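Here the structure is laid out as structure tokens; the discussion comes afterwards.
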Amino acid sequence: MELVCPAGNFRSLREAVDAGADAVYLGLRDETNARHFSGLNFTDNELEKGVQYARDHGARAFLALNTFPGTREFFRWQQAADRGARAGVGAFIVADIGLLDWLQRNHPETPRHLSVQASATSAAALEWYRRELGIRRAVLPRVLSALQVERLAEKSPVELEVFAFGSLCIMAEGRCHLSSWLTGQSPNQQGVCSPASAVRWQETPQSLEARLNGVLIDRYAPDEPAAYPTLCKGRYQSDERDPYYGLEEPVSLNTLELLPQLMRAGVSAVKIEGRQRSPVYVRQVTRVWRAAIDACREQGNDFVAQQAWREQLAALSEGAQTTLGAYARTWQ
Ligand code: SF4
């Protein structure tokens, strides 16, 4: 099982590789990837340096081209792919069918991984992507239960990668319109959810208010820790009750305890979310997961996640809380 870690910049890449990542994933400084935040991502020089650093240390660097090109901008995704191929990336992570097709014909030597954004959840869909577009791996959406992942792994014609740790996105991946509805920018096309340019913080005598394009997303009491105002994780008033997390609470996914099950099922890779997080975060999370995967390989069914690992991950989680998310849904 491969450990795939986030690299928002060269320092994070180095931390991930040094801490034991088998692969890192990264993006260029534009809307061709789903973490197009200011100050993040790679220039051409940094990309080359990052790919080389990973290679020198026995790891691979995957280039995320996982947003959906608009009607007039396809050439930008092509140019980004050309840049990645020149740098020698280990794989492209792609959601758009047209781009996958173009890559198959123009950069056949670079493996193609189906992005989580493509939302493929059946063996039939994976087989079609393999047959027609030559994907080698698919990243599964975070809406599947552990049992559904197992069932898919039994039949999948391609390698499977699943999310293991980090922020949750509750929508059918690649199909969330909340951010574009409110700000005109979406993770699907511009590579940014709830963009920082639309965020306003306002202190009032009673509270701290977080607004997105003028809309109140959350209101914090003076001693309450404030989170980034992601639209789906705000507190809203939908009836007579006090405002509450109607869509999703700000918690992080943590599948440490499912590791033996995922390994047994034949899942090829686990992914850590968080290209927007700091290099220190990347180092700490990678270390824990490296140790856990190695221990699970040795101990098999006897594997038990160490309390110290759980505590370290909880401390790095959104709201200092973790969840198994959809993996724990027994009714799915
Ligand atoms: S608003 Fe929430 S569900 Fe939608 S893309 Fe952003 S993080 Fe995901």
- Counting only residues that are in a helix (DSSP H, G or I) and basic (Lys, Arg), which one in segment 276-332 is nearest to Gly266 (Cα to Cα)? Arg297
- Filter result for the condition that a residue is at pLDDT 95 or above, surrounded by fewer than 22 Cβ atoms within 10 Å (Cβ to Cβ) and of a type in the set (Asp, Glu), over Glu209, Glu249: Glu209
- Taking segment 4-56, which residues are closer than 17 Å to Gln284 by Cα and assigned to a loop (DSSP other than H, G, I, E, B)? Ala7, Gly8, Asn9, Ala19, Gly20, Ala21, Asp22
- What pairs can you find where one residue is in segment 20-43 and more than 17 Å from Ser278 (Cα to Cα), the other is hydrophobic (A, V, I, L, M, F, W, C) and part of a loop (DSSP other than H, G, I, E, B), and their Cβ atoms are less than 7 Å apart, with a gap of 6+ or different chains? Asp22/Ala59; Ala23/Ala59
- Somewhere in segment 61-80, is a residue free of Cβ contacts under 8 Å to residues at least 12 places away in the same chain, out of contact with any helix residue (DSSP H, G or I) (no Cβ under 8 Å at 6 or more places or on another chain) and more than 25 Å from Gln185 (Cα to Cα)? no
- Task: Give Glu298, Glu273 a once-over and let me know the one that is in the same structural domain as Val116 (by TED's automatic domain parsing) and surrounded by fewer than 18 Cβ atoms within 10 Å (Cβ to Cβ).
- Result: Glu298
- Take the residues in segment 1-40 that are among the aromatic types (Phe, Trp, Tyr) and over 25 Å from Val199 (Cα atoms), then tell me which one is surrounded by the fewest Cβ atoms within 10 Å (Cβ to Cβ). Phe10
- Message: Looking at the structure I just gave you, is Ala265 over 26 Å from Ile93 (Cβ atoms) and crowded, with 19+ Cβ neighbours inside 10 Å?
- Response: no
- Query: Of all residues in segment 128-168, which are within 16 Å of the ligand (Cβ to nearest atom), at pLDDT 95 or above and among the β-branched types (Val, Ile, Thr)?
  - Reply: Val139
- Would you mind finding the one in Ser179, Ser194 that is of a type outside the set (A, V, I, L, M, F, W, C), part of a helix (DSSP H, G or I), within 13 Å of the ligand (Cβ to nearest atom) and in contact (Cβ under 8 Å) with a residue 24 or more places away in the chain? Ser179
- Note on the structure: Restricted to segment 229-244 and to residues being more than 11 Å from Leu216 (Cα to Cα) and not in a loop (DSSP other than H, G, I, E, B), the residue nearest to the ligand (Cβ to nearest atom) is Cys232
- Task: Check off (1) closer than 30 Å to Ala91 by Cα; (2) of a type outside the set (S, T, N, Q); (3) in a strand (DSSP E or B); (4) within 16 Å of the ligand (Cβ to nearest atom) for Pro187 and give me the number that stays unchecked.
- Result: (3)
- Just checking, how many residues over segment 215-264 are among the small types (Gly, Ala, Ser) and under 21 Å from the mean Cα position of the chain (by Cα)? 3
- Query: Given the conditions (1) of a type in the set (Asp, Glu); (2) at pLDDT 95 or above; (3) under 16 Å from the mean Cα position of the chain (by Cα), which single one is not true for Glu298?
  - Reply: (3)
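The values are calculated or read from the model by the stated rules, or taken from the named source; none is laboratory data. None of the values given here were measured: they were computed from a predicted structure. No Cβ is skipped: glycine too gets one built from the backbone with ideal geometry, and neighbour counts run over all protein chains shown.
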